[in-house]
Amino acid sequence: MCQYWWSFTLCTVVTFQFAFTFLFQQQERGAEAVSHNQNQTHQRWCLSEFHKLSRKIQGGIPPLVDHAQSELTVVYNTCLCSAALSQLSEAELLLSQATERVIQMTGDDPISSDPPAFWRTLLKSVGNTTFNSSVQHLLCLQWALWLAKCQLKTIQEFQDELFSLSETLSTELGDDKRSSERGKSSDIPLLVMDPRRLIELLQTCTFIAQGAERLSEGQSSEALSGLQKASSLPAPRMLLAYTHHLSGCCLASMSCPQMALQCYRKAVETDSRCVCALYQSLLIYRELGNTQAEIQALRLLHSSLLLPSATEPPLAGAALLSPSVLLCSQSLNRLLSVPSALSVLHSLAQKCVLYGRVSEGVEYYLDLLAALHSDDQHGVHEDPPLPRLPELYLEAGAALLTARRPADCMALCDEVVGTTLELLPEKLVLEEPEETSEIETGAVGAEGEDRMRMLLWTGAAYLLQGHCHTHLRDWKQAVTHYTRCINLLVKVHFKKKGDADMVGKQGTNLCILQRLKGLSLAGRGISFSQTDQLREALRDLHLSLQAAPDCVGAGLWCGEVLWRLGRRQEAAACWEKTWSFTAQSSVEGLRLYLQEPQTGPLLDSTELQHRIQELGPTLSA
Amino acid sequence: MEGRCAVETWAEFGFSGTSCTPKVQLGFGTDVFICTGSDEVYVFSAKERKLTAVLQFPGPVSDLVESHDKQVLFAACMSGVYCVSSQFLLSRVQSSLADASSSPSELKISSEFLLVPEEGVLSLLLVGSVLLTLSQRDTSWILTLYNCPKQSASSSCESLTSFSLPLVSSVVQDDDEGKTGVRRRPVLICVCSGDATPLPSSSTSSSEVTLTDRHIRLEPVLFKLLFGVDAALAKSPVILCGLPDGCLCFLPVRLAGSRPRVLHNLEQPVVFVGASAVMKMGLGHAQCLVAVGELGRVVLIKTDKGGPEGGGNTAGFTERCVPGPVVCGCVDKNCLYYSTGSDLLRLDLSEGLFGQEGQERNEETSSKTDAARQSPTSLSVCRVVALAEPAHNPAGEVELLGLSVRGQIQRITLPLEKEDTGLSKMPSTQVGRSVRDLLSAIGDVCDRASMLKTGIKSKNQILKHLNQVLNISFLLVAGTNSEENLIRCHATTKWSRLLQKDSLNLTCVLDNSSPYVLEHGWTLSVTVFPLSYPPSAGGESPSTNFSFPFHSLPAGESLEVSLPLAAAGVASFPMTVSCSLIFSLSSLLGEEAANFKGLQCSCISLPLNTLTVDWLHALQVSSPIDAQKMATSQCNNTATDTIQTFLNSRRIKCSGRGEGGGENASKPKREQFSASVRVLSELVRDMLVVKSSDEDPQGPKLALQNVHVSLLEWLLSEGFGGVRTGHQGDKMSRSVIHARGPNGHTVKLTAKEVNVGEESVGKEESLTTVEVQVESSSIAAVCGLHHAMLRRVQTLLQRVPERAASTKSIRSLGLRRALQRAEHLLQQIQQIRVSGAFGVGASTGQMTRSLLAVYRELRENPLLII
């Protein structure tokens, strides 16, 4: 009697399950048309129904061999749905419950808790039963869960068994197919995803994850061999592209940039959405110093990042379980990561301006500012982070000035000044933080740091405005703005702690401070020299050279002023010294607005040389 | 606190055991949404004071938020965020109202309204088109941003980004949650910089951004200090999030690469976050942020002038503790209202905030009041569990909408608080701006005040003016009958010679002896018309009107105007000069009168006295030498004006012909007409004595010596009828005066003493009389002068007191004679009339001649005036 009831219940359950599976597959087929979001809603709904079903089975039916296949199929479906929705712990729980019941069915003793050993014995014990294949399906799920949880070591231990699963399953499923062809109404329940497809996916993903892991551990050649294997397996385009991309990364780390570039190209050819390959090739060009190619790559990267599908690839047709769930190891993510469209745009703009494509660069800067002000910026996390917004303004301003658009530059600088001016401190003590004390000071230090930055931004804005007026040959206004900059900079008191070569470290606040001082004093000196205030000019230029000795403009103009004052020998010495500096120093790492202006009054070096030569005979005479 | 709160319970609906903190939200016009934490959301109409609808959600509702255009209501439910449009609600409510059933309509919100299928959303916020949800996962808070399309009633939202914040485990929270099972709602508000443009979504709607308690505009400096320069530069709104674990986090919404960061930690569940103006500057944005913790910790965040190292502005966090527990709160311009469950309290933030500085500044004066202020004042309203944002009713009282623990919606009206807060300190940049604002405001007020003042002043002026006018009007109206008017005219005639042409000018003098001032707006109007006029004028009186508007005539002063009366030989005398004063209303109102068409011609005309200019006034008296000349060669005037002479001679000839008849025309010596007046010399003497006694002390003697001369003098110079002649200067002590009339004819006035008496009567019976005889070749002149003389003598008689009847016989004698003469003349006239009527042998010329003879006879025998 009781037995009858059980079987009745199970029958109803199974028919229900049929219905859901059917519905699910129906939905899957039409998935292309439905948006991602709704698809997920639907999955959620299916999952909750599956959950109800499995709860009913496990609560209401004793673990009996007769119904094992149906039950395990329900578990498979439920787990897969859970995993697809990234509810891994839930899937894990379900799976362990199911295996426990299997053990109860077979009547074996509780076995070891070590996962590979556990599964080995389990497989052995169910070896000849009817639900052998169902248990193997569950193993596939276990594999997927291991992969999703990045337990690569476990997979490594169990790899051979796992990889042999595909062969056993394919033969068995062939039998299944035959039986299902025999009668549609047979009570073998349907699966939401073909286990063979699942295994293919798992294999490729395993190779990829392992490759990434090895690469991060420095075993590039081993990683490369595994990835080569993976690239021959049948897999979705995206995963194939990943294998090529990772191979490229391996080659790059083995210092074969050209071969790496080849691999990256292959990756992009396989899947145009593989922007990470574009990014990596860009890094290689940068390393090789091929600026034009780098700019090209940046442009390409930016435009492909702006494509709507670039960041979120749509769910691949039939695959319920997306590879992104399985591939979540940090080392892999690091290799696949791509900076945001905005940072790409920023580096594109910067590169263009630095390497002579000024007008293009200016356009990119303006695009960047427009994008930052558009409504659809919603705190997307940037990695690497973009420079702070005022710095972007100042860079854009510097670019505009280089493109001879001083009015636009001044407007941007005004905006920066307007924002920061009210917040500037009356005086500020600059302490170069020592490595140890940095952590302790914490929030207070950060606040002081922010104030320092704000002061430097404002100073830089004044400096740029000074440059603009210099460009417009409005010397009086230029002097005013340079003076404002200088007045601001002298508010900073530098407390010397460590070594003297702090100034030399590029990017530190002190370096920026000195650079700003040098440039603003030089600018003011040059402006004075234009209005024939030669004494003031000489004083400022001397001070400028003290603050920033590598300032070319200051050196040349210092000589010029000395020449005009009749101190020709000194002038010649000054020029010679400046030229010797020019050869040495480089200002690559500095921000655009800390570069020397290209727009002010210029001195012709050859003409100066002539003067020195003319001076020569008198010297000897 | 003297005043008491008025609590008005609007509706009551029971609610029990809630799973989330209740909430009262204003929205959809006058509708109020009440979310008690159960499955139901009540819609209460504040206008109709009744529950209009109940929204039945599939699960407990934890938060409600409205779209900026108040068209859509978002509700966070256990199973996701639902979205109900107001149109849907309205249509259902109205259909249920049509049923005339008083019960509220129940609306079941099914999954078709599901917008975001995110589970366990605790709090919602809408920023532009971005919907933020905050939910709690195991050990973290998940803040998710959804892109919410405009017409989002049906379509679903797209998830933009999601942030997770670690949950700071708090003992307080775990304990409490374990006990009551109430989920606390995190507080989400949106803060914009005060100088940033409003959100695009709300700017598209017609109205200005409505600053609800969840959207705050913060003072720019404080905004920059708290949320960074980048957010300010990007003009990004910032989400401020007060979590039940005590964290106060913020996240710039529209800034690339922004992450949620912790602003402050209250170390107790955040119950309320809001903004307050504190300083009563109408700059439209809040000056400080307020966060209130459950255990009564109040944190005020504001700009501090002068940081620790002498550096500019810093953000200052001021913590205070008030007796808790705080159940709910809301903030006003400068007050925080919070409920502890057993009482509703008010905390004055402005004093609390500046308390310390205030004490430093003037400790002795203000410390007492500060201490009183810093402690919250009880408003004596208990059991409030939820408060909506405060509103000000027209009377300026603060109105709070609260929900009591028993499910009563209450409107709590707070009594007015006296404004006696002192000066508050402000950042210097603000001071400059606000001083400028204040100055311009003062300027505006000043302008307005002075404008109003001038308006009032001018109205006063007009009223005063009108008062004067009315006074004068009454005076003049009352004085028309009596002879002695306080405002009257008198005149002087004078001949003047201009361009060889003599003309008679009348100088009219308006005397104001009244106590009132004749102000601007009055016009003296002088109308001159002859008493009789020649038939050539066509039956109409050829009157001439002169108006003299004048500015002001103070009391006791006089106005003199001159007007040409007549050119020589043109006018006919006597003339009547009637004077009147005219006041026009338009002058009273000035420019405003231009607006009223009807006013422009509305005037008050008040008659003054009437003057008469007669022949005697119009005489041109010749000096004795002139008179000699004239006597010898009347027609031979000086050679220079031969034309005038010619014309005059012509006229004389013509008139002579007319007067004398055809036969006299050729005669060089024309016919002389004459008329005379006899006056009793005694009478004259008396009269002149009376007259001269009050004028000239020497006069009487002279006058007594030769009465006839002085009578003549009097006749010529007396200002009769208010008119004087202008030639008073030269003494005319002569008995014979030659003069020229206004029509150019010479006249001769002779005065002599004559004894009148019947020959038969004795000597003593005879009377000395003065006879004045007028002789001229012009009959018009003679008539006119005679008439004028008679008129004067008439007045003379009126003036002189009545005498005893000593001269009765003489009088009777005279009367008898006169009667005889009159009878004789009557006979003659009758004869002429008879002959004229029958036309027997008499031509019209003859008839006129005989009529003239009668007339002359009438004139010639003067009546003795006694």
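The values are calculated or read from the model by the stated rules, or taken from the named source; none is laboratory data. Remember, predicted model here, so these are calculated numbers, not experimental data. Here the Cβ positions follow ideal geometry from the backbone for every residue, glycine too, while neighbour counts run over all protein chains shown. Ligands, DNA and RNA are excluded from the accessible area calculation, which covers all protein heavy atoms including side chains. Shrake-Rupley method; radii C 1.70, N 1.55, O 1.52, S 1.80 Å.
Values as computed for the structure displayed
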{"read-out": "Sum of side-chain charges, A:R611 neighbourhood, beta-carbon under 15 Å (Lys, Arg +1; Asp, Glu -1)", "value": "-3"}
{"read-out": "Peptide-level mean, for B:257-269, of C-beta atoms on other protein chains within 10 Å", "value": "2"}
{"read-out": "Accessible area in the full protein assembly, largest first, 1.4 Å probe, for A:K495, A:K56", "value": "A:K56, A:K495"}
{"read-out": "Peptides A:213-225, B:771-783 ordered by average Cβ neighbours within 10 Å, highest first", "value": "B:771-783, A:213-225"}
{"read-out": "Accessible area buried between chains B and A, both sides summed, probe 1.4 Å, in Å² to nearest 100", "value": "2600"}
{"read-out": "In Å², nearest 10: area of B:M78 left accessible to a 1.4 Å probe", "value": "80"}
{"read-out": "Spacing of the two label points (7 Å from each Cα toward its C-beta) at B:V477 and A:T291, in nm", "value": "10.4"}
{"read-out": "Heavy atoms of A:T270: accessible area, 1.4 Å probe, square angstrom to 10", "value": "30"}
{"read-out": "Solvent-accessible area, 1.4 Å probe, carbon plus sulfur percent, for segment A:528-614", "value": "50"}
{"read-out": "Largest to smallest accessible area among B:V736, A:V492 [probe 1.4 Å]", "value": "B:V736, A:V492"}
{"read-out": "Protein-only accessible surface order, largest first, of B:F548, B:F13, B:F223 at 1.4 Å", "value": "B:F548, B:F13, B:F223"}
{"read-out": "Average beta carbon contacts from partner chains per residue of B:820-831, 10 Å cutoff", "value": "0"}
{"read-out": "Phi to ³J(HN,Hα) by Karplus 6.51 cos²θ - 1.76 cosθ + 1.60 over segment B:473-478, Hz, x for Gly, Pro", "value": "4, 4, 4, 6, 5, 5"}
{"read-out": "Computed accessible area, B:I737, all protein chains, 1.4 angstrom probe, square angstrom", "value": "0"}
{"read-out": "Environment charge of B:L401, counting only residues whose C-beta is closer than 11 Å and scoring Lys/Arg +1, Asp/Glu -1", "value": "-2"}
{"read-out": "10 Å Cβ neighbours from other chains, averaged over peptide A:423-431", "value": "4"}
